[in-house]
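A quick write-up on the structure given underneath.
Values quoted throughout were computed directly from the atomic coordinates according to the rules given, and no laboratory measurement underlies them. None of the values given here were measured: they were computed from a predicted structure. Please note: Cβ atoms are built from the backbone with ideal geometry, for glycine as well, and neighbour counts cover all protein chains shown.
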Amino acid sequence: MPELNPYARFLDAGTSLPQVAEILAATPATLESLVHAIGPERIDRAPAPGKWPAAQILCHLADCEIAFAFRLRQTLAEDHHVLQPFDQDRWAAPYANIPAQQALATFAVLRAWNLTLVRNVPPDTASKPVTHPERGTMTFSVILETMAGHDRNHLAQLEKLAAASA
């Protein structure tokens, strides 16, 4: 059976929900710093054939934040909700034409909105169940943990690109 959170390896064992919230809150500023370190001359350059350049990683993060926003709200609003998976490669088709700064700004605004939601839900919301058709039944808190692990996965990729730019 697949892992409920395929990005769990990017989090320390026993990461608490307050720590997850800290990771989620810190990501936009970290992305801004990494985009600056990568620089405009390298932001659209793929690190290897078949790999996304930094700008496309930012587009992916913005798109995923849209998906996570919907998933969080559907989990809150519906009982026994089944999440809709998506094909990230198909969503990526238009990324080459989207400016990195626009993707970053979109991500930052959506993340702020999602954090506002998370900070304003009742404490028992963490255990509200939801089903992912490919991963199984999980909870609201697992969605948040997935978001944090997903952030760390892509931050590590961007850190490598920034180091190569130095």
Suppose the Debye formula is applied to equal point scatterers at every Cα of region 1-90; what is log10 I(q)/I(0) at q = 0.11, 0.16 Å⁻¹? -0.45, -0.93
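How high is the relative contact order of the chain? Use alpha-carbon pairs under 8 Å, at least six apart in sequence, and give a whole percent. Let's see the in-between values first.
Values: 189 pairs, mean separation 70.4, N = 166.
Value for the chain: 42 percent.
Considering only the other residues whose Cβ falls under 10 Å of the Cβ of THR106, what net charge follows from Lys and Arg at +1 and Asp and Glu at -1? Could you put the intermediate results ahead of the total?
Values: positive: ARG111; negative: ASP63, GLU65.
Summing Lys and Arg as +1 and Asp and Glu as -1 gives -1.
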In whole Å, how far is the Cα centre of region 97-162 from that of region 1-37? 8
Which value, in debye to the nearest 20, describes the size of the charge dipole of region 66-116 about its Cα centre when Lys and Arg Cβ atoms bear +1, Asp and Glu Cβ atoms bear -1, and nothing else is charged? 160
Would you compute, for the Cα atoms of region 96-166, the largest minus smallest coordinate along each principal axis and list the three values in descending order, in whole Å? 45, 25, 23
How many nm separate the modelled label positions at ASN153 and ALA69, each set 7 Å beyond the Cα in the direction of the Cβ? 2.1
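Of GLU65, GLU41, how do they rank once you tally other Cβ atoms within 10 Å and put the fewest first?
Details: GLU65 23, GLU41 8.
Ordered by Cβ neighbours within 10 Å, fewest first: GLU41, GLU65.
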Answer label for Rg/Rh (Cα atoms, Kirkwood Rh) (calculated), chosen among (1) 0.93; (2) 0.97; (3) 1.12: (2)
Least to most buried among LYS128, LYS160 (fewest other Cβ within 10 Å first): LYS160, LYS128
Percent of all alpha-carbon pairs of region 1-54 at distances over 14 Å, whole number, is 69
With x for Gly and Pro, the residue-by-residue ³J(HN,Hα) of region 44-53, computed from phi through the Karplus equation 6.51 cos²θ - 1.76 cosθ + 1.60 at θ = phi - 60° and given in whole Hz, is 9, 9, 5, x, 6, x, x, 9, 6, x
